[in-house]
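*Asks:* Have a look at this one before I ask anything.
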Amino acid sequence: MNAEAVLPTTLTDQNKTPVVYKVLVVFAMMTLMGGSLTGVMTYINLGYTSSFLSDWLSAFFVTAVTVMPAGVLVMALLTKAAEKLLPKLKENKRNLVVGVAMALIMESAMALSTALNNVGMANSGELFTAWLNGLLAALPIALTLMVTVSMTIKPKIERFLRS
């Protein structure tokens, strides 16, 4: 085997970010956002009880394996849609639109996932109340996080993930 076969063929091959780092960054973002929001929702739905930690971790796990993977796809689709539908809007304003839309969509889905986990489906009125209370309590946090992420971190993460 010659040395040329082992060496990267271009400078860009040398600078590629390993996939494991990309996965870790996305996982960290999802954990921070999903963990904090499901924590607030669990607290609103059940209060701070002796089983709070296990209730919250259960809600977070369900959200992590259902809602968050879908959120990655939804964000990509919303970003593409915003680029097509709002081509004259500056990128930072498009990111703001995407951020607010993502906060509303993801917050609704997380509130539903958490309410289902916390109160179940036996009583639809109780489920609706838990969903609505969780949504309304965590929405200010979600809007703050998503707008901040969309305006500051998202462009950097997109560049990082493309690297």
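*Asks:* In Å and whole numbers, how far do the C-alpha atoms of the chain stretch along each principal axis, longest first?
*Replies:* Cα spread of the chain along its principal axes, largest to smallest: 67, 45, 22 Å.
*Asks:* Determine the per residue accessible area of segment 108-163 with all protein chains present and a 1.4 angstrom probe, expressed in square angstrom.
*Replies:* 52 Å²
*Asks:* Dipole size in debye (nearest 20) for the chain around its Cα centre, Lys and Arg Cβ +1, Asp and Glu Cβ -1?
*Replies:* The calculation lands at about 700 debye.
*Asks:* Using a 1.4 Å probe on the protein heavy atoms, what percent of the accessible area of the chain belongs to carbon and sulfur?
*Replies:* That share works out to 71 percent.
*Asks:* Same structure, new question: Toward the positive end of the charge dipole of segment 21-163, about the Cα centre and with charges on Cβ (Lys, Arg +1; Asp, Glu -1), which of THR31, ILE44, PHE128 goes farthest?
*Replies:* Toward the positive end, the furthest listed residue is THR31.
*Asks:* With the chain treated as a Gaussian network of Cα nodes joined by springs under 10 Å, which of PRO69, PRO140, PRO18 yields the largest mean-square fluctuation?
*Replies:* PRO18
*Asks:* Run a plain Debye calculation on segment 43-117 (Cα atoms as equal point scatterers, no solvent) and give log10 I(q)/I(0) at q = 0.18 Å⁻¹, rounded to two decimals, same order as the q list.
*Replies:* With one equal scatterer per Cα and no solvent, log10 I(q)/I(0) is -0.74.
*Asks:* Counting only heavy atoms of the protein chains, get the accessible area per residue of segment 29-79 (1.4 Å probe) and round it to a whole Å² value.
*Replies:* Value for segment 29-79: 51 Å² per residue.
*Asks:* Taking springs between alpha-carbon atoms closer than 10 angstrom, which of VAL98, VAL67, VAL20 fluctuates most in the Gaussian network model of the chain?
*Replies:* Of VAL98, VAL67, VAL20, the most mobile in the Gaussian network model is VAL20.
*Asks:* Binning at 10 Å from 0, report for segment 99-163 what percent of all alpha-carbon pair distances ends up in each bin.
*Replies:* 23, 38, 24, 12, 3
The values are calculated or read from the model by the stated rules, or taken from the named source; none is laboratory data. Not measured: the values here are computed from a predicted model. Counting neighbours? That spans all protein chains shown, and the Cβs are built from the backbone with ideal geometry, glycine included. Please note that ligands, DNA and RNA were not included when accessible areas were found on the heavy atoms of the full protein model with its side chains. Shrake-Rupley method; radii C 1.70, N 1.55, O 1.52, S 1.80 Å.
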